[in-house]
Amino acid sequence: MRARRIVLAALAAGAVAAVLLALHELPIATGYAAKLLCSGVFVAGRSEATLFAEDLDAFPWLRSRVDRAQRTATSDWLGLGRSTAVYRDGLGCALAVDASVAELRAQGFDPGRAPDRAGIPWPMGDRGTDSTPTATGSRPNELDGPALDAAVSSAFGELDPAAARRTRAVIVLHRGQLVAERYAPGFDASTPLLGWSMTKSVLAALVGIQVGRGRLDLDAPAPVSDWRSDPRAAITPDELLRMTSGLEFSEQYGPFADATAMLFRSRSASAYAAHSRLAHPPDRVWSYSSGSSNLLAAILRTTLSGGASDYHRFPREALFERIGMRSAVLETDAAGNFVASSFGWATARDWARFGLLHAQDGVWLGERVLPEGWVARIRRPTPQAPQGRYGAHWWLNAGTPGAPGDRPFPSLPTDLFYASGYEGQSVVVLPSHELVVVRLGQSEPEEAFDLEDFLVAVLATFSPPVAGR
């Protein structure tokens with residue numbers, strides 16, 4: 001009898017522990033649902049029905065709803081683990097973690113009235129962007145228009161019921177001109193789409209602007225107050241950009257992982273990341289980390305002297321307005337810092353404009369937006385990253401030094417560099433071929449969409465066909 005009681009007591013204790021752990025992690029699920037529902041409705045302008053059917057279909061067990069009058073979204077499970085996300089003009093949605101709805105709403109600002117894009121020529125506006133097959137007369141002679149249309153169309157096909165590709169938008173620019181564009185039903189040129197980790201590359205541009213203005217020294221110790229009295233004080237902004245800080249961070253998206261806890265259960269993403277211990281000496285090991293990006297976003301705030309308002313307006317005034325990215329929104333956490341690892345939104349055309357800026361070495365309509373040499377810097381392979389695959393918050397196809405054939409995309413040119421995000425978001429720049437290719441979607445698993453095969457098909461429509469180099 002005594003042994004039986006011990007076993008039953010152990011089982012009961014285990015059950016209680018499991019329930020407690022589940023409740024501890026529940027706010028991550030409800031936070032994810034509330035955040036995506038809020039941003040999907042109030043930033044992207046999508047219907048609740050499509051969001052539940054496509055973006056939140058893995059969470060039918062949660063009770064999630066939108067309050068349009070209050071511009072909030074809430075999610076819970078049987079009344080437990082409730083999370084609320086709040087929409088603010090100019091800043092999108094933020095989770096109310098240790099913050100009131102009123103406190104978050106006060107962070108917003110008036111972004112101003114957008115000009116009529118239809119009347120402004122591309123690339124600042126949308127005039128001259130008709131890329132339908134009937135408009136192939138405007139395409140360059142070396143481009144096989146019907147073949148390109150077929151390649152783009154193929155990106156929207158579903159090949160395996162168990163691996164959803166869910167492509168939502170594709171854009172191809174050649175020599176700065178829009179030569180192909182297509183959207184899935186329910187999406188169009190006016191729909192902002194979440195870039196997830198492509199936001200990291202936007203952050204790199206903002207960092208570059210402040211470096212160019214002399215406001216930030218990439219090689220000086222990072223100004224993080226929590227690190228002043230320990231070895232982390234040696235970490236530099238450049239090491240954060242190159243993911244070689246040495247900080248321990250679990251870049252996983254699931255229970256008990258740093259990335260999800262930081263994004264969906266923390267008041268301050270940068271404060272969460274700042275508490276990471278030093279697992280390796282700085283500049284020794286490459287380890288991809290969203291925590292590094294959010295530390296940089298907080299560091300960026302220290303370079304602006306005008307307080308929260310100047311910081312929140314900075315991306316729009318320093319970058320987005322200057323290149324016509326009027327739809328772009330960087331969202332913040334409850335502490336008011338940009339969640340620059342993950343929460344950037346823009347239309348497909350505006351993501352294409354961002355790629356075009358980098359294809360043009362940071363120059364836009366004759367004006368230098370990014371400092372001279374910045375694009376070369378972010379494209380320089382980080383020595384610790386395998387296959388020359390990472391620069392400074394951009395992914396590369398450079399290849400292993402001395403063995404350029406050993407690269408992530410063997411069929412594609414070595415000068416290719418790209419912004420990449422969860423579920424298959426991509427802004428790809430091919431300078432040697434004057435191409436920018438944007439693909440946005442919701443692939444599950446992410447490998448369901450083969451980016452290399454798609455890009456090979458696009459390049460093959462140009463004459464002569466492009467070979468890997």
* Only residues that are without any contact (Cβ under 8 Å) to a residue 60 or more places away in the chain and of a type in the set (Gly, Ala, Ser): list them for region 425-461, please. => Ser432
* Asked: So which pairs qualify, if the first residue must be in region 267-289 and under 20 Å from Ser197 (Cβ atoms), the second must be of a type in the set (Phe, Trp, Tyr), the Cβ gap must be under 6 Å, and the two must be at least 6 apart or on different chains?
  -> Ser276/Phe249; Ser289/Phe249
* Only one of Ser190, Ser201 that is within 24 Å of Leu365 (Cβ to Cβ), part of a loop (DSSP other than H, G, I, E, B) and within 20 Å of the chain's Cα centre (by Cα) -> Ser190
* What do you reckon, is Tyr253 surrounded by fewer than 20 Cβ atoms within 10 Å (Cβ to Cβ), at pLDDT below 95, hydroxyl-bearing (Ser, Thr, Tyr) and not assigned by TED's automatic domain parsing to the domain that holds Glu446? -> yes
* To do: Return the only residue of Gln384, Gln360 being crowded, with 19+ Cβ neighbours inside 10 Å and in contact (Cβ under 8 Å) with a residue 40 or more places away in the chain.
  => Gln360
* Of the numbered conditions (1) assigned to a helix (DSSP H, G or I); (2) without any contact (Cβ under 8 Å) to a residue 60 or more places away in the chain; (3) under 28 Å from Tyr272 (Cα atoms), Ser305 satisfies every one except a single condition; which is it? -> (1)
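For (1) among the polar types (S, T, N, Q); (2) part of a helix (DSSP H, G or I), each residue gets a yes or a no:
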{"position": "Ser327", "(1), (2)": "yes, no"}
{"position": "Ala335", "(1), (2)": "no, no"}
{"position": "Ala340", "(1), (2)": "no, no"}
{"position": "Arg349", "(1), (2)": "no, yes"}
{"position": "Ala352", "(1), (2)": "no, yes"}
{"position": "Leu356", "(1), (2)": "no, yes"}
{"position": "Glu372", "(1), (2)": "no, no"}
{"position": "Ala376", "(1), (2)": "no, yes"}
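Could you tell me how many of the residues in region 204-245 are of a type in the set (Ser, Thr, Tyr), surrounded by fewer than 15 Cβ atoms within 10 Å (Cβ to Cβ) and either part of a helix (DSSP H, G or I) or touching a residue at least 40 places away in the same chain (Cβ under 8 Å) (or both)? First the steps, then the outcome.
First pass over region 204-245, keeping only residues of a type in the set (Ser, Thr, Tyr): 225, 229, 236, 244-245.
Cutting the leftovers down to surrounded by fewer than 15 Cβ atoms within 10 Å (Cβ to Cβ) gives us 225, 229.
From what's left, either part of a helix (DSSP H, G or I) or touching a residue at least 40 places away in the same chain (Cβ under 8 Å) (or both): 225.
Summing the residues that are of a type in the set (Ser, Thr, Tyr), surrounded by fewer than 15 Cβ atoms within 10 Å (Cβ to Cβ) and either part of a helix (DSSP H, G or I) or touching a residue at least 40 places away in the same chain (Cβ under 8 Å) (or both) in region 204-245 gives 1.
Here is a yes/no grid of residues against (1) surrounded by 21 or more Cβ atoms within 10 Å (Cβ to Cβ); (2) basic (Lys, Arg); (3) under 24 Å from Met243 (Cβ atoms):
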| site | (1), (2), (3) |
| --- | --- |
| Ala257 | no, no, yes |
| Trp286 | no, no, yes |
| Met325 | yes, no, no |
| Asn337 | yes, no, yes |
* To do: Take Ala274 and decide whether it is within 16 Å of Phe338 (Cβ to Cβ), within 22 Å of the chain's Cα centre (by Cα), surrounded by 16 or more Cβ atoms within 10 Å (Cβ to Cβ) and outside the structural domain of Phe314 (by TED's automatic domain parsing).
  => yes
* Of all residues making up region 289-330, the number that are within 17 Å of Trp394 (Cβ to Cβ) and in contact with a Ser or Thr (Cβ under 9 Å, 6 or more places away or on another chain) -> 6
* To do: Return the residue satisfying two criteria in turn: it lies in region 329-347 and is more than 12 Å from the chain's Cα centre (by Cα) and of a type in the set (A, V, I, L, M), and of such residues it is farthest from Val101 (Cα to Cα).
  => Ala335
* **Residues that are closer than 27 Å to Gly441 by Cβ, surrounded by fewer than 20 Cβ atoms within 10 Å (Cβ to Cβ) and of a type in the set (Asp, Glu), drawn from region 39-89** => Glu48, Glu54, Asp57
* Structure fact -> The residue from Pro431, Pro410 that alone is more than 28 Å from Val363 (Cβ to Cβ) and not basic (Lys, Arg) is Pro410
* Asked: If the Cβ limit is 7 Å and pairs must be 6+ apart or interchain, which residue in region 43-70 that is closer than 18 Å to Gly81 by Cβ pairs with which residue that is part of a loop (DSSP other than H, G, I, E, B)?
  -> Ser64/Leu56
* Filter region 378-404 down to residues that are closer than 17 Å to Leu296 by Cβ and touching a helix residue (DSSP H, G or I) at 6+ places or on another chain (Cβ under 8 Å), then give me how many there are. => 5
* Structure fact -> All conditions in (1) assigned to a strand (DSSP E or B); (2) on the phi > 0 side of the Ramachandran plot are true of Ala169 except (2)
* To do: Considering each of Thr199, Thr236 in turn, give the residue that is among the hydroxyl-bearing types (Ser, Thr, Tyr) and over 22 Å from Gln384 (Cβ atoms).
  => Thr199
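The values are calculated or read from the model by the stated rules, or taken from the named source; none is laboratory data. Predicted model, so just to flag it, every value in this text is computed and none were measured. Note that we place each Cβ from the backbone using ideal geometry, even for glycine, and neighbour counts take in every protein chain shown.
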